[in-house]
Amino acid sequence: MKLKEFARQLQGTAANLALRMPISWVNILAGAPITVDGRTLDTRAQWFLQLLARSGQQPMHMLGVAQARIEFDLFQPLLSGRPAPVGEIVDRTIAGPGGRLRVRIYRPAGSVARLLPTILYLHGGGWAIGSLEAYDLPCRFFCARSGCAVVAVDYRLAPEHRFPAALDDCLAAFRWVATESEALGIDPDRIVVAGDSAGGTLAAVVSQQARGEPRTPCLQWLIYPATDLGAETPSRASCGEGFLLTRADMEWFRSLYLDDPDQLADPRVSPLRAPDLAGLPPALIFTAGLDPLRDEGQAYAERLSAAGVKTVHREFDSLIHGFVGMRGALQAAARAMDDMVTGLRHELARLGR
């Protein structure tokens, strides 16, 4: 381990201890509550943001791609909590549009089902950062708590591989899971396409692109997705600074991902701009209240509902973007993840009724 990485782990431990202070102390240290758009920031999240600011941590867009990837892969596991127990984890590669594509398969412990419901999980990170390693703990959690297998996809990243490389990889991974389901011990009728942030965008587009194919997702599970990369929404203005993900970060990620501003109108980039959303899988959409992406996630839920797609939308109004990676540090994030998995289990249980 490099000295810099060791130092960062120590800093992460100290930050975790600070975050676990009694709430009465945090209430004092965090200062006056922050309220935006009628939503009050969770006190521990507010304290976390203050600790991050005091650490001198630079925003993503100022780090450069290589360093941002290192920072993100170190940051996520420090705040993601203890590893949830799973039965098996297997790394393998499959044929992808750009060569061999790495996937990681998680299976729940103690399952006796011959064919498991499965979550195809597409990680976040602005299409430019994030990895199987960064999302290992959330994927373990989703597997253990849902009773589903999880297939995490290590899709190609920008700027080395710009749009549509990531989407092509995710579509290939879905089609592979659907085609090889029996051999993998997966129920082909219960494949959930899921993701957070940029991964939520990809999950929404995979659901659109797979419409009409022999196998389609049974459910799309979208966690604070970006659904219109060219949008100018109220939440982008009110929450675009000071809540971890900033407008400058989003513009940087967009510049890495796309070659041409005209691509913003492509529904494969901005799924909210698809002319027709009828016939898509049922959707579970979860957004965060203090998140610049909040409004477009809600807008996508409303358009799906208007198109006749069964849609459940819930906003965790006190949380910030990225809370999937904060289960071990923020109690409100842990509760939100429990609630999301409960919602997923409920919808899977209703399938076929």
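Below, the figures for the structure above:
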| item | result |
| --- | --- |
| Unique match (being under 18 Å from the mean Cα position of the chain (by Cα) and of a type in the set (A, V, I, L, M, F, W, C)) among Leu256, Leu245, Leu304, Leu280 | Leu245 |
| Among (1) over 19 Å from Thr342 (Cα atoms); (2) out of contact with any Asp or Glu (no Cβ under 8 Å at 6 or more places or on another chain); (3) not in a loop (DSSP other than H, G, I, E, B), the one test that Arg104 misses | (2) |
| Gly98 being surrounded by 21 or more Cβ atoms within 10 Å (Cβ to Cβ) and more than 19 Å from Leu330 (Cα to Cα) | no |
| Contacts under 6 angstrom Cβ, first residue in region 98-109 being on the phi < 0 side of the Ramachandran plot, partner hydroxyl-bearing (Ser, Thr, Tyr), 6 or more apart | Arg100/Thr93; Arg102/Thr93 |
| Qualifying residue in region 177-193 (condition: closer than 30 Å to Asp260 by Cβ and among the small types (Gly, Ala, Ser)) | no |
| Selection within region 142-163 - over 12 Å from the mean Cα position of the chain (by Cα) and small (Gly, Ala, Ser) | Ala144, Ser146, Gly147, Ala149, Ala158 |
| Boolean, Arg268 is modelled with pLDDT of 95 or more and in a loop (DSSP other than H, G, I, E, B) | yes |
| Candidates Ile105, Ile129 - the one that is of a type in the set (A, V, I, L, M, F, W, C), closer than 29 Å to Ala349 by Cβ and crowded, with 19+ Cβ neighbours inside 10 Å | Ile105 |
| Gly325, sole failed condition from (1) more than 18 Å from the chain's Cα centre (by Cα); (2) among the small types (Gly, Ala, Ser); (3) crowded, with 22+ Cβ neighbours inside 10 Å | (1) |
| In region 238-297, the residues that are touching a strand residue (DSSP E or B) at 6+ places or on another chain (Cβ under 8 Å), farther than 18 Å from Leu52 by Cβ and among the small types (Gly, Ala, Ser) | Ser238, Ala283, Gly289, Gly297 |
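To keep it simple, each residue is scored yes or no on (1) touching a helix residue (DSSP H, G or I) at 6+ places or on another chain (Cβ under 6 Å); (2) more than 25 Å from Arg82 (Cα to Cα); (3) of a type in the set (Val, Ile, Thr); (4) without any contact (Cβ under 8 Å) to a residue 60 or more places away in the chain.
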position: Ala307; (1), (2), (3), (4): no, yes, no, yes
position: Met326; (1), (2), (3), (4): yes, no, no, no
position: Ala329; (1), (2), (3), (4): yes, no, no, no
position: Arg335; (1), (2), (3), (4): no, no, no, yes
position: Asp339; (1), (2), (3), (4): no, no, no, yes
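Here's the yes/no breakdown for (1) assigned to a helix (DSSP H, G or I); (2) within 18 Å of the chain's Cα centre (by Cα):
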| residue | (1), (2) |
| --- | --- |
| Phe48 | yes, no |
| Gly56 | no, no |
| His61 | yes, no |
| Glu71 | yes, yes |
| Arg100 | no, no |
| Arg114 | no, no |
| Arg140 | yes, yes |
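The values are calculated or read from the model by the stated rules, or taken from the named source; none is laboratory data. No experiment lies behind these values; they were computed from the predicted model shown. Note that each Cβ is placed from the backbone with ideal geometry, even for glycine, and that neighbours are counted across all protein chains shown.
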